[in-house]
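Here the structure comes first, spelled out in C-alpha cells, and everything after it is commentary.
The values are calculated or read from the model by the stated rules, or taken from the named source; none is laboratory data. This one's a predicted model, so the numbers in the text were calculated from it and none came from an experiment. Ideal geometry is used to build each Cβ from the backbone, glycine not excepted, and the neighbour counts take in all protein chains shown. Only protein heavy atoms, including side chains, enter the accessible area calculation; ligands, DNA and RNA are left aside. Shrake-Rupley method; radii C 1.70, N 1.55, O 1.52, S 1.80 Å.
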Amino acid sequence: MESLHAPWRIEYILSPKPQLDASLFTRVAQSGDDIANLVIARDRTCFALLNRYPYNGGHILTVPYKEVPDLNGLTEEEMADLWKLTRRCTNALTAVMKPDGFNIGINLGKVAGAGIAEHLHIHIVPRWSGDTNFMPVIGQTGVIPDALIEIAAKLRAELAQ
C-alpha cells in the first residue's frame, strides 16, 4: 500500500486536546476573533463557522450559543433561528461555491459520530457530482481544494449582504 502524505493534519493530531468546562463552540462563541475562529455569521441566538477539519470544502457548522446536547434543550425560537441560519448558509454556499447538492445533518451522541456531543450543531456539507472519487474511496483521503481563510472571507461577505 502506498502512503499519501497530508501534512496539514499533523497540527490537529499533535495539538493538545484541552479538558475544559466549556465546549469548543462555547469558547468560539465567546471569542472576539471571528477571523481566526473561521466564524462567518453571527445571529441573535446562533452562529456559523467553517469546519477547520472539513469532510469537503465549504463544510459549515451552524451552532446555537446555548450549549445543549440535543434539540430538546432549545426553545422554539432558538430552533427556528438555527434552521434559518442553516438555510442562509446553504444559500451562501450555493452563491459562492456552486455545489450540486448538500448533506445537511446532526449527529446526536458520540456513538452517532458527534465529535462535540455536548454542544448541538448542524453540519452543512456541499457536494459536487464526482466529488467521491478514488481519493476518499481508495486512498481514504479527501482533497480540500480551497484555503479555509479565503472561503471564510467569501462566505462572510455573501452572508453580510
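Residues of the stretch 25-68 being over 23 Å from Gln161 (Cβ atoms) and within 12 Å of the chain's Cα centre (by Cα), which ones?
If the condition is that a residue be over 23 Å from Gln161 (Cβ atoms) and within 12 Å of the chain's Cα centre (by Cα), then Phe25, Arg52, Tyr53, Pro54, Tyr55, Asn56 are the ones that fit.
Please work out if Ala95 is of a type in the set (Gly, Ala, Ser), under 11 Å from Ile124 (Cβ atoms) and at pLDDT 95 or above.
In short, no.
I need the full set of residues from the stretch 126-141 which are in a loop (DSSP other than H, G, I, E, B) and either surrounded by 16 or more Cβ atoms within 10 Å (Cβ to Cβ) or modelled with pLDDT of 85 or more (or both), in order please.
Result: Trp128, Ser129, Asp131.
Limited to the stretch 92-125, what total is found for residues that are under 26 Å from Leu74 (Cα atoms), touching a residue at least 60 places away in the same chain (Cβ under 8 Å) and not in a loop (DSSP other than H, G, I, E, B)?
6
Looking at (1) modelled with pLDDT of 95 or more; (2) in a loop (DSSP other than H, G, I, E, B); (3) open to solvent by 40 Å² or more (accessible area, probe 1.4 Å), can you tell me which one Arg88 breaks?
Only one criterion in (1) modelled with pLDDT of 95 or more; (2) in a loop (DSSP other than H, G, I, E, B); (3) open to solvent by 40 Å² or more (accessible area, probe 1.4 Å) is unmet by Arg88, namely (2).
Looking at Ala80 and the list (1) part of a helix (DSSP H, G or I); (2) at pLDDT 95 or above; (3) buried (at least 19 other Cβ atoms within 10 Å of the Cβ); (4) among the small types (Gly, Ala, Ser), which single condition is not satisfied?
For Ala80, the failing item is (3).
Are there any pairs, at least 6 apart or on different chains, whose C-beta atoms fall under 8 Å, with the first in the stretch 67-91 and in contact (Cβ under 8 Å) with a residue 24 or more places away in the chain and the second part of a helix (DSSP H, G or I) and open to solvent by less than 30 Å² (accessible area, probe 1.4 Å), and if so, which?
Between residues of the stretch 67-91 that are in contact (Cβ under 8 Å) with a residue 24 or more places away in the chain and residues that are part of a helix (DSSP H, G or I) and open to solvent by less than 30 Å² (accessible area, probe 1.4 Å), the close pairs are Glu67/Phe25; Glu67/Thr26; Leu74/Leu82; Arg88/Leu159; Cys89/Leu155; Cys89/Leu159.
What pairs can you find where one residue is in the stretch 26-40 and within 14 Å of Leu61 (Cβ to Cβ), the other is of a type in the set (Ser, Thr, Tyr), and their Cβ atoms are less than 7 Å apart, with a gap of 6+ or different chains?
Short answer, once both residue conditions are applied: Ala29/Tyr65; Asn37/Ser31.
Pull up the stretch 100-115, narrow it to residues that are within 24 Å of Asp81 (Cβ to Cβ) and open to solvent by less than 30 Å² (accessible area, probe 1.4 Å), then point me to the one that is modelled with the lowest pLDDT.
Among those residues, the one meeting the criterion is Ala114.
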